[in-house]
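I have placed the structure first, in the form of structure tokens, so that the comments after it can refer back to it.
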Amino acid sequence: MVVSSLKLQDLIEEIRGAKTQAQEREVIQKECAHIRASFRDGDPLHRHRQLAKLLYVHMLGYPAHFGQMECLKLIASPRFTDKRVGYLGAMLLLDERQDAHLLITNSIKNDLSQGIQAVQGLALCTLSTVGSAEMCRDLATEVEKLLLQPGSYVRKKAVLTAVHMIRKVPELSNIFLPPCAQLLHERHHGILLGTVTLITELCERSPAALKHFRKVVPQLVQILQTLVTTGYSVEHSISGVSDPFLQVQILRLLRILGRNHEESSEVMNDLLAQVATNTDTSRNAGNAVLFETVLTIMDIRSAAGLRVLAVNILGRFLLNNDKNIRYVALTSLLRMVQSDHSAVQRHRPTVVECLREPDASLSRRALELSLALVNSSNVRAMTQELQSFLESCLPDLRADCASGILLAAERFAPTKRWHIDTILRVLTTAGTHVRDDAVANLTQLIGGAQELHAYSVRRLYSALAEDISQQPLVQVAAWCIGEYGDLLLEGGCEETEPLQVEEEKVLALLEKVLQSHMSLPATRGYALTALMKLSTRLRGDNNRIRQVVSIYGSCVDVELQQRAVEYNTLFRKYDHMRAAILEKMPLVERGGTPDEEAKESKEAQLSEAALVPTEPQASKLLDLLDLLDGTFEAAQPPPALEPSPGGTLVHLLDLPCASPAPASIPDLRVFEREGLQLNLSFVRPPGTPALLLITVTAVNTSGADVTHFVCQAAVPKSFHLQLQAPSGDTVPAQGGLPVTQLLRILNPNKAPLRLKLRLTYNHFGQSVQEIFEVNNLPMETWQ
Amino acid sequence: MIKAILIFNNHGKPRLSKFYQPYSEDTQQQIIRETFHLVSKRDENVCNFLEGGLLIGGSDNKLIYRHYATLYFVFCVDSSESELGILDLIQVFVETLDKCFENVCELDLIFHVDKVHNILAEMVMGGMVLETNMNEIVTQIDAQNKLEKSEAGLAGAPARAVSAVKSMNLPEIPRNINIGDISIKVPNLPSFK
């Protein structure tokens with residue numbers, strides 16, 4: 001018995017009638033079985049109906065891949081009904097990753113060339129949605145033919161299909177570039193819209209196309225003018241504005257064409273002024289056009305008066321009641337904040353107001369913009385606002401806000417004390433959301449501000465006494481108390497309230513941190529080490545500390561156990577060394593020191609296209625080298641960035657073990673010119689995995705000496721680079737004694753190494769300057 | 001470009017889902033669920049823009065949505081589209097649906113998903129806006145429907161009859177059919193009580 005197949009509506013009714021999820025699944029599975037059977041039987045009459053049902057089921061989330069071949073059969077059928085469902089199925093079920101999709105190429109080709117425009121439309125639609133690169137290549141000529149056919153329906157679809165093709169296969173731009181100029185003369189808005197989109201896509205992809213299309217700027221201006229000045233045209237108007245979609249697209253294209261181009265910008269000036277002043281802003285459509293106009297004005301080389309007008313319009317929109325308008329205004333200001341900083345600064349109060357919005361999207365935008373507007377003059381006020389925002393904002397914005405405040409504080413802090421206060425406040429409010437390096441930054445900051453040690457340790461102690469749940473705060477506080485415990489107990493400090501702290505209380509607090517279930521293992525490590533350090537700082541006897549340390553000698557956590565055992569040993573066998581080992585730490589070096597910043601600016605200078613260096617620039621760089629030489633002579637700071645002294649302690653007490661021979665890395669010749677050769681040789685010392693030593697050797701096989709030889713290097717920001725003094729600055733001729741120079745590179749992140757070298761020297765009576773990046777660096781140098 | 005167009009109701013059941021970038025079916029369903037979560041949390045008087053969820057491409061993409069009675073219309077777009085423009089586009093789409101279905105409601109969308117797809121295909125193609133003139137779109141849809149109906153054969157007879165009756169102009173049929181001077185005698189039928 002042949003079961004009569006359900007119509008789509010009936011199936012939907014049945015599915016809606018199902019009371020539970022299980023029932024729905026049952027109904028659908030039964031129906032899918034029918035559909036599968038029907039596909040197997042190959043019933044052509046009802047195939048489209050079966051596929052329609054399958055597509056519905058697919059939307060609800062059930063598997064429908066067995067319908068893919070049926071789509072192909074339906075597309076190949078001559079009936080329009082079949083094709084319609086078939087193409088829809090192709091768009092929903094097939095995509096480039098399935099092999100089956102190529103099979104529809106032929107059908108599409110046939111459908112494109114036969115005359116029924118509805119069918120051609122279907123084929124183009126499918127091509128533009130799921131067309132893969134191969135399909136696009138095959139069908140490009142077909143689509144191009146359709147571009148210039150008489151029917152406007154097919155043409156507008158062909159134009160947009162061309163855009164998709166160019167996205168998939170950029171080489172096809174050549175085919176679709178010529179018809180554009182002619183298409184711009186069309187009156188049909190659909191074709192115009194598509195053409196403007198096509199030209200925009202072409203210009204974004206190739207600077208040559210951009211230059212080519214600059215000559216259509218007057219025509220675009222003309223079209224926009226007509227749109228703006230013609231009266232109410234029912235056909236295309238949306239709330240009184242004439243085809244705002246087309247206006248917006250044209251404005252966007254004008255923006256691309258006018259960017260950095262005086263001539264085009266001038267042609268547009270009048271029109272932009274007209275649009276900016278005459279657009280009706282009572283409805284959304286007008287506002288959409290106005291926003292695009294403002295963005296275009298700011299991007300091109302417009303007259304100064306026009307720019308002022310644009311920023312004022314944005315300011316007005318910020319005060320609008322409509323939330324959508326404010327959102328878009330904030331987004332636009334964010335785009336401009338880099339280029340027109342002072343203009344945007346004027347609206348800072350309003351932006352800060354928007355921080356207090358209950359709407360999450362708005363406050364997020366306001367946060368980004370506020371962070372971008374912080375500068376040295378308003379940093380105190382802004383930080384105040386941002387802190388109060390941090391206290392009341394939604395959890396997903398907290399992390400961004402906290403790191404933003406910390407970054408701003410780092411860049412613009414007026415005083416160290418203010419900086420410490422700010423970080424402290426952020427840690428107390430949103431401690432769980434700060435980034436991991438905030439702890440390291442703060443300890444380094446406190447360590448460097450000697451006059452503030454007493455102040456910091458007091459503040460941190462009070463904060464810790466109140467709340468031991470925020471891990472970064474606890475870690476910093478524990479470290480501080482350990483280092484400066486003696487200052488804490490001393491009592492008098494002018495900057496805070498007099499605080500009488502007893503030894504027992506301090507020890508009790510640290511023990512509480514150790515035992516608390518809220519403390520992370522790292523925090524416990526900090527606390528234990530702090531306790532240990534206090535054994536030398538405090539005046540009382542150390543019984544309590546010794547007890548705690550010996551208890552933790554059998555702790556389950558291996559890291560803690562190791563530390564406790566070592567500290568125990570310190571108390572017993574090495575008591576005479578204890579005071580020396582637990583002395584105050586020297587300043588830990590990390591990024592943010594003057595060397596690093598100077599290196600960063602040097603890298604920025606070198607990474608621009610090679611410009612002829614001016615004299616002051618060269619001497620600044622030479623000074624930099626001297627500075628680096630100076631620091632090399634001074635005591636070598638420990639390479640580890642971990643501020644915990646427990647780390648270095650472990651190294652001290654480690655028994656020396658046989659170090660494996662370093663794997664040898666082949667030398668690299670990086671430069672050769674007129675007899676001067678530069679070689680790099682690499683060594684990775686086995687003890688420090690992040691360290692790479694490069695020896696630069698300059699050999700001269702030519703007939704003339706190379707004098708005033710200077711080699712400078714730059715690396716990406718995450719690396720640390722130290723250049724040692726070269727062995728000399730003259731490379732004698734005929735292969736004389738080469739000049740060598742040692743580079744030390746620290747790569748804690750194991751990021752791929754990039755190295756840029758700059759050479760200046762005199763050779764054969766000419767001064768030479770070479771800047772190049774070293775390619776082919778072997779992987780062993782950074783892995 | 002427009003990455004996806006989703007219509008779902010207040011409980012998250014999808015009524016239309018169209019993706020303009022290749023995603024696997026699992027990912028598609030996940031995107032629908034994630035979008036529903038994000039959009040349903042919104043209050044009534046906040047702005048219509050949201051950052052995109054992680055699956056759809058994170059903060060580069062935006063969700064622009066409108067809430068009409070029981071349905072959410074969500075367009076997921078990237079940064080090259082004008083946000084206010086998309087809001088207008090959603091409005092045009094809904095108005096076009098209204099015109100094609102005559103006072104469209106959720107049930108129309110449920111039972112005629114394929115038709116909604118066809119209408120959408122006339123407006124947005126390959127992730128780009130194709131046509132925004134409502135009359136043009138409706139004309140095209142009508143022409144295509146006619147093409148379908150003419151192919152339908154016998155199975156389409158009831159539908160054709162219905163449309164014939166609908167397009168019949170009743171007031172023009174003469175009320176008095178004058179067939180000359182024939183007197184018809186009405187028999188005296190017993191009255192049925």
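The values are calculated or read from the model by the stated rules, or taken from the named source; none is laboratory data. Since the model is a prediction, treat every value here as computed from it, not as a measurement. Cβ atoms come from the backbone with ideal geometry, glycine included; neighbour counts cover every protein chain shown.
Out of segment A:659-684, which residues are modelled with pLDDT under 80 and of a type outside the set (Gly, Ala, Ser)?
Across segment A:659-684, the qualifying residues are A:660, A:662, A:665, A:666.
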| field | Given (1) out of contact with any Ser or Thr (no Cβ under 8 Å at 6 or more places or on another chain); (2) farther than 22 Å from residue B:19 by Cα, index of the condition residue A:162 fails | value | (2)
| message | Condition first: without any contact (Cβ under 8 Å) to a residue 60 or more places away in the chain, away from every other protein chain (no Cβ under 14 Å) and more than 15 Å from residue A:351 (Cβ to Cβ). Now tell me which residues in segment A:394-410 satisfy that. | response | A:398, A:402, A:403, A:405, A:406, A:407, A:409
| message | Step by step: first the residues of segment A:745-783, then only those that are among the charged types (D, E, K, R) and surrounded by fewer than 17 Cβ atoms within 10 Å (Cβ to Cβ), then the one that is nearest to residue A:708 (Cα to Cα). Which residue is that? | response | A:770
| task | Give the number of residues within segment B:104-145 that are among the hydroxyl-bearing types (Ser, Thr, Tyr) and buried (at least 21 other Cβ atoms within 10 Å of the Cβ). | result | 1
| query | Which members of segment A:237-263 meet the condition of being free of Cβ contacts under 8 Å to residues at least 40 places away in the same chain and over 19 Å from residue B:90 (Cα atoms)? | reply | A:262
| message | Tell me the residue from A:33, A:64, A:22 that is within 9 Å of another protein chain (Cβ to nearest Cβ) and not β-branched (Val, Ile, Thr), please. | response | A:64
| Of all residues in segment B:83-117, how many are at the interface with chain A (Cβ under 7 Å from one of its Cβ atoms), in contact (Cβ under 8 Å) with a residue 24 or more places away in the chain and touching a Leu at 6+ places or on another chain (Cβ under 9 Å)? | 2
| task | Taking the options A:555, A:480, name whichever one is crowded, with 17+ Cβ neighbours inside 10 Å and free of Cβ contacts under 8 Å to residues at least 12 places away in the same chain. | result | A:555
| Does at least one position in segment A:226-236 carry a residue that is of a type outside the set (A, V, I, L, M), in a helix (DSSP H, G or I) and touching a residue at least 24 places away in the same chain (Cβ under 8 Å)? | no
| query | Is there a residue being modelled with pLDDT under 90, among the hydrophobic types (A, V, I, L, M, F, W, C), more than 23 Å from residue A:118 (Cβ to Cβ) and assigned to a helix (DSSP H, G or I) anywhere in segment B:133-149? | reply | no
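So that you can scan it fast, the table gives a plain yes or no per residue for (1) among the β-branched types (Val, Ile, Thr); (2) more than 27 Å from residue A:363 (Cα to Cα); (3) without any contact (Cβ under 8 Å) to a residue 12 or more places away in the chain; (4) within 11 Å of chain B (Cβ to nearest Cβ):
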position	(1), (2), (3), (4)
A:265	no, yes, no, no
A:273	no, yes, no, no
A:284	no, no, no, yes
A:297	yes, no, no, no
A:305	no, yes, yes, no
A:332	no, no, no, yes
